[in-house]
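Heads up: the structure comes next, in structure tokens.
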Amino acid sequence: MTRLPRWADLVLTPLISLALAFAISALVILAIGQSPWMALKTMVTGALGSSYGWGYTLYYATNFVFTGLAVAVAYHAGLFNIGGEGQAALGGLGVALVCLALPWPHWALALPAAMIGGAAFGALWALIPAWLQAKRGSHIVITTIMFNFIAAATLNYVLVNLMRPVGSMDPATARFPAGTVLPRLTDMAAAVGIEWGKATPANVSFLVALAACGLVWALIWRSRLGYEIRAFGKSERAARYAGIPPARITIVAMLISGGLAGLMAINNVMGESGRLVLNSVEGAGFIGIAVALMGRNHPLGILLAALLFGFLYQGGGELALFTAIPRELIVVIQALVILFTGALDNMVRMLIAPLFARRGTP
């Protein structure tokens, strides 16, 4: 097969994959007797047509940036971390313990501490699968899958039996102190005289996610550790020959990956709920896999893919609320996007490769 130019692989292939996914989604919507044009209009208006919609889109995108970066870091080391769901859930526990530990006087003090707590718990939850892979040869895919279930059961036990307030029937922690409430993008806009995103959960965690993109880029492409991670991911034998210890890289890469997944909790637990509840992750760990694949495991691509999935989540909610299209079909649309942008991108490459074969690949 003709090798595509880099710009075509990074830009054209995802765009065509996305167009195919939306085209098939339109056919599915037509098949149930609804209008694809009205569905698209409702999604765009609901997700991007107002500051309220943008607020929710950015909130969802923030979650997906963290979990997408987590998948990407592990991928560059040749590891497939699909345990982001469990790592983010345990990160929420770390954030909750930090927020409830002290009567924090201000969010500027609580946020760094919560970030450390969430990242530490997420990293520690990734440590055991990493150690099993590095020292015992257990496949990282199997162990991280199983640890998602263990994390869910552990969190269930902790919330029901240890952290639930006395007299409460809700499996959740107590409300965090007032000093832990993160400023929302609405408040930040109001501080400069702009009315934007009223009553939306988007908060300062979005700026932390942007900073995380920059730091991951610097780590992977501008640091010695990043070079070792990429070298190991390309060829373990070559990395060994160069003196790069495989066990250390496996464990360090997974610790960073788990820490990034755990950081997601500052957005959904600390920033939105103000307490830890069951199922607070809501599948964001698995969506992060699709985000990383679509973003070609590059922080900029992950940011753009996260915004796309934020649009799908918010727009899909509006679609289910204001049209006769069932909510289950929203999941089908999201699944088609994941299928084409993640699993079938090689098919798209095969379709467009002859175009570049005729004109010559630069």
From Trp125, Trp104, Trp196, residue being in contact (Cβ under 8 Å) with a residue 40 or more places away in the chain and in a helix (DSSP H, G or I): Trp125
Residue in region 342-358 that is of a type in the set (Val, Ile, Thr) and farther than 29 Å from Ile220 by Cα present: yes
Selection count where residues are within 17 Å of Glu282 (Cα to Cα) and free of Cβ contacts under 8 Å to residues at least 24 places away in the same chain, scope region 143-180: 1
Looking only at region 185-226, and only at residues there that are open to solvent by 50 Å² or more (accessible area, probe 1.4 Å) and of a type in the set (Phe, Trp, Tyr), the one that is farthest from Ala261 (Cα to Cα): Trp196
Per-region count, region 128-142, residues among the β-branched types (Val, Ile, Thr) and touching a residue at least 24 places away in the same chain (Cβ under 8 Å): 2
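Yes/no per residue for (1) outside any helix (DSSP H, G or I); (2) buried (at least 21 other Cβ atoms within 10 Å of the Cβ); (3) not polar (S, T, N, Q):
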position	(1), (2), (3)
Ile16	no, no, yes
Phe22	no, no, yes
Gln34	yes, no, no
Met38	no, no, yes
Thr57	no, yes, no
Ala72	no, yes, yes
Restricting region 40-55 to residues that are in a helix (DSSP H, G or I) and polar (S, T, N, Q), the residue that is most open to solvent (accessible area, probe 1.4 Å): Thr45
Residue within region 162-177 that is assigned to a strand (DSSP E or B), within 28 Å of Ala202 (Cα to Cα) and touching a strand residue (DSSP E or B) at 6+ places or on another chain (Cβ under 9 Å) present: yes
Conditions (1) more than 25 Å from the chain's Cα centre (by Cα); (2) surrounded by fewer than 18 Cβ atoms within 10 Å (Cβ to Cβ); number of the one not met by Ile29: (2)
Residue count, region 157-174 (criterion: modelled with pLDDT of 95 or more and loosely packed, with under 15 Cβ neighbours inside 10 Å): 1
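The values are calculated or read from the model by the stated rules, or taken from the named source; none is laboratory data. Note that this is a predicted model, so its numbers are computed, not measured. Counting neighbours? That spans all protein chains shown, and the Cβs are built from the backbone with ideal geometry, glycine included. Just the protein is used for accessible areas: all its heavy atoms, side chains included, with ligands, DNA and RNA removed. Shrake-Rupley method; radii C 1.70, N 1.55, O 1.52, S 1.80 Å.
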